[in-house]
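K.L.:
Got a structure here, written out as structure tokens. Questions coming.
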Number of protein chains: 2
Amino acid sequence: MFRGVTNLSLDSKGRMAVPARYRDRLQSESDGRVVITVDRDGCLLIYPMREWEVIERDLVQLPSLNKQARRLQRLLIGHATECEFDGQGRILVPGPLREFAGIDHRVVLIGQGHKFELWDEATWNQRRAAWLAEGDEEDGVELPAALESLTI
Amino acid sequence: MFRGVTNLSLDSKGRMAVPARYRDRLQSESDGRVVITVDRDGCLLIYPMREWEVIERDLVQLPSLNKQARRLQRLLIGHATECEFDGQGRILVPGPLREFAGIDHRVVLIGQGHKFELWDEATWNQRRAAWLAEGDEEDGVELPAALESLTI
DNA sequence: CGCCAGGTGGGGAATTGTGGGTAATCGTGG
DNA sequence: CCACGATTACCCACAATTCCCCACCTGGCG
């Protein structure tokens with residue numbers, strides 16, 4: 001499981017130094033190959049190759065006639081770019097994806113279980129503040145059953 | 001069960017000396033590995049690794065398309081950072097988390113059953129005062145069933 | 001009164017993140 | 001098919017952080 005938050009910066013060429021504590025696992029589990037794609041919430045998703053292959057297999061099998069399914073396929077598969085580590089343990093984040101997520105220099109890397117999310121730092125801070133603020137008000141509306149029973 | 005309150009300080013590098021009375025249990029139950037993450041109320045949560053893994057397992061299985069579920073995952077898993085004890089029985093509280101909770105020097109460590117809460121001292125004192133003040137007014141509204149039957 | 005245990009502080013080395021220079025590669029257009 | 005510019009990969013250098021070690025200071029206890 002990947003977890004935790006890391007503040008990082010991309011250099012002028014768009015490269016990101018993957019934190020050392022994740023590097024070994026990515027190297028051994030997926031030969032240092034990762035797939036970067038986009039998320040509907042305005043960030044990028046980074047998958048180890050092995051994990052991505054599972055997701056991709058499920059995505060292609062969605063019913064092609066369904067509009068939502070096609071949209072998901074275009075967004076996720078369409079933007080999925082394979083990247084490898086360079087000698088220094090960095091990956092080059094493709095220009096089009098950087099542009100998509102509004103990333104220029106400061107970024108935040110968030111572990112999310114089987115994948116990572118990569119956010120522009122300013123965007124992340126805004127979003128997080130909004131989530132914290134709205135969190136309490138929405139109580140009592142209708143929580144999904146899975147959330148009701150959650151004890152944290 | 002962890003209980004009790006301890007006033008502590010972080011040193012200039014952000015390290016916290018875990019009170020000796022908790023140390024043994026953390027060492028034996030979870031190999032001295034703990035996970036620190038954030039709470040929506042502005043403090044940090046500290047879990048023994050074993051306890052955290054249970055929570056995380058439930059969290060990752062929430063439906064990815066649900067907005068509230070994603071928010072929870074991003075906040076909790078996204079900030080969950082694994083920490084280990086140093087030779088002196090201290091843990092380094094990660095910089096981004098210190099910043100989140102407004103922690104610089106004086107802190108309060110609160111035992112909360114399976115986990116701990118870590119508060120900035122000033123924030124804690126304010127909040128506690130506020131809870132004491134507002135506590136009674138809210139009576140008579142409607143208590144959730146689980147609270148109605150509580151005998152303290 | 002000295003010893004021990006627990007909490008606090010800091011120096012210094014190793015690791016890790018950041019930044020750039022330079023050569024190789026690729027895609028584009030002539 | 002070649003020439004050019006842009007992009008990518010490899011290399012080295014610096015700066016920040018983290019980790020490991022040792023030292024102090026305080027209060028309780030023999």
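The values are calculated or read from the model by the stated rules, or taken from the named source; none is laboratory data. Here the structure is a predicted model, which means the values were calculated and not measured. Neighbour counts run over all protein chains shown; Cβ positions are idealised from the backbone, glycine included.
K.L.:
Is it fair to say A:Asp11 is among the charged types (D, E, K, R) and within 14 Å of chain B (Cβ to nearest Cβ)?
P.N.:
Answer is no for this residue.
K.L.:
Turning to a different aspect of this structure: Could you identify the single residue in B:Ala133, B:Ala101, B:Ala129, B:Ala122 that is away from chain A (no Cβ under 11 Å) and crowded, with 17+ Cβ neighbours inside 10 Å?
P.N.:
Exactly one residue qualifies, and that residue is B:Ala101.
K.L.:
Tell me which of these A:Arg40 doesn't satisfy, since it passes every other one: (1) among the basic types (Lys, Arg); (2) more than 14 Å from DNA strand D (Cβ to nearest atom); (3) away from chain B (no Cβ under 14 Å).
P.N.:
Result: A:Arg40 passes all but (3).
K.L.:
What number of residues in segment A:97-110 are in contact (Cβ under 8 Å) with a residue 12 or more places away in the chain and away from DNA strand C (no atom under 13 Å from the Cβ)?
P.N.:
Total satisfying the criteria: 6.
K.L.:
Cβ-Cβ under 6 Å, sequence separation 6+ or interchain: first residue in segment A:65-82 and touching a residue at least 40 places away in the same chain (Cβ under 8 Å), partner surrounded by 15 or more Cβ atoms within 10 Å (Cβ to Cβ) and in a loop (DSSP other than H, G, I, E, B). Which pairs?
P.N.:
Pairs found: A:Thr81/A:Pro94.
K.L.:
Same structure again: How many of the residues making up segment A:123-146 are at pLDDT below 65 and among the small types (Gly, Ala, Ser)?
P.N.:
2
K.L.:
Quick one: count up the residues across segment A:20-40 that are loosely packed, with under 14 Cβ neighbours inside 10 Å and in contact (Cβ under 8 Å) with a residue 24 or more places away in the chain.
P.N.:
Summing the residues that are loosely packed, with under 14 Cβ neighbours inside 10 Å and in contact (Cβ under 8 Å) with a residue 24 or more places away in the chain in segment A:20-40 gives 2.
K.L.:
When you scan segment B:48-98, how many residues do you find that are part of a strand (DSSP E or B), more than 8 Å from chain A (Cβ to nearest Cβ) and among the acidic types (Asp, Glu)?
P.N.:
The number of residues fulfilling the criteria is 1.
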